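For reference, the structure discussed in these notes is given below.
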Amino acid sequence: MAQTALMWPFLYFADDRLSTAELTAARLDGDLVEVGEAFMPADAVETRELRAASFRSIGGPERAVTHASAAWVHGAIPDPPLIHTLQRAGRRRAAFPVDARIRFRDVALPAGDVEVISGVAVTTPVRTLVDLVRDAVVGGSPRHLVDDMLAWRPDLLADAVIWIDAAGPIHHKRAAAAELRRRQEEVTR
């Protein structure tokens, strides 16, 4: 953790430089604000790099931040989800701590669907949108997350249709492709 402190002077992790009690007190005093799994000075600018780095304790290069958590890192949604979603980013399986605030999938993501931001693997915006659509069509995540992603970057829709057409077998592919095409038709009307 000491390396985290040196690399990220604007992020404070529990029991790194300060205890959880000290961080909570500083938050209550208005000196710090929560950012994902960490805290940052209240007057610092929240960037995607800081949001991604806040996952260093649970993510990293071998566990990618996905779904709504990735949408938050990219800046498409304003608040982080209550339960973070991570997925294996490398070929090798790694031990993963059990935590009620984390949903983890131990299926490797293709390297092209992941980008590394601040040392943390995060699904690309296109893959994030496709994952949110796949979940939304079966009621797994709210549809407003898809709307938020498209409001943030409308150009992702065409790229998502191309991505899903080229993808191999994935869960809920047919329903997600139909939903993406329906949205694309709405845009062209």
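Would you call V107 of a type in the set (V, I, T) and either outside any loop (DSSP other than H, G, I, E, B) or crowded, with 16+ Cβ neighbours inside 10 Å (or both)?
When the stated conditions are applied, V107 does not pass them.
I need the full set of residues from segment 44-60 which are part of a loop (DSSP other than H, G, I, E, B), crowded, with 23+ Cβ neighbours inside 10 Å and of a type in the set (A, V, I, L, M, F, W, C), in order please.
F55
Any chance you could count how many residues in segment 78-98 are open to solvent by less than 20 Å² (accessible area, probe 1.4 Å) and under 17 Å from R134 (Cβ atoms)?
3
Considering only segment 50-93, state which residues are free of Cβ contacts under 8 Å to residues at least 40 places away in the same chain and of a type in the set (A, V, I, L, M, F, W, C).
Scanning segment 50-93 gives W72, L82, I83, L86, A89.
Of all the residues that make up segment 1-43, how many are at pLDDT 85 or above and surrounded by fewer than 17 Cβ atoms within 10 Å (Cβ to Cβ)?
Total meeting the criteria: 16.
Filter segment 61-77 for residues that are in a helix (DSSP H, G or I) and either open to solvent by 20 Å² or more (accessible area, probe 1.4 Å) or farther than 19 Å from T47 by Cβ (or both) and give the result.
Correct list: H67 only.
Only helices (runs of 4 or more DSSP H) wholly contained in segment 115-189 count here; list those with 1 or more residues that are open to solvent by 40 Å² or more (accessible area, probe 1.4 Å).
Of the helices (runs of 4 or more DSSP H) lying wholly inside segment 115-189, those with at least 1 residues that are open to solvent by 40 Å² or more (accessible area, probe 1.4 Å) span 143-152, 156-166, 173-188.
So which residues in segment 148-164 are of a type outside the set (A, V, I, L, M, F, W, C) and touching a residue at least 24 places away in the same chain (Cβ under 8 Å)?
D148, R153, P154, D159
Only one of these is closer than 17 Å to H171 by Cβ, of a type in the set (A, V, I, L, M) and touching a Phe, Trp or Tyr at 6+ places or on another chain (Cβ under 8 Å): V130, V120. Name it.
Within the list V130, V120, the selection yields V130.
So which pairs qualify, if the first residue must be in segment 165-184 and on the phi > 0 side of the Ramachandran plot, the second must be among the charged types (D, E, K, R) and open to solvent by less than 60 Å² (accessible area, probe 1.4 Å), the Cβ gap must be under 6 Å, and the two must be at least 6 apart or on different chains?
Listed pairs, sorted by first residue: H172/R134.
Does G168 satisfy the criteria of being more than 18 Å from T85 (Cβ to Cβ) and modelled with pLDDT under 95?
Yes; evaluated as a whole, the condition is true for this residue.
The values are calculated or read from the model by the stated rules, or taken from the named source; none is laboratory data. Everything numeric in this text was worked out from a predicted model, so none of it was measured. Ideal geometry is used to build each Cβ from the backbone, glycine not excepted, and the neighbour counts take in all protein chains shown. For accessibility, only protein heavy atoms count, side chains too; no ligands or nucleic acids. Shrake-Rupley method; radii C 1.70, N 1.55, O 1.52, S 1.80 Å.
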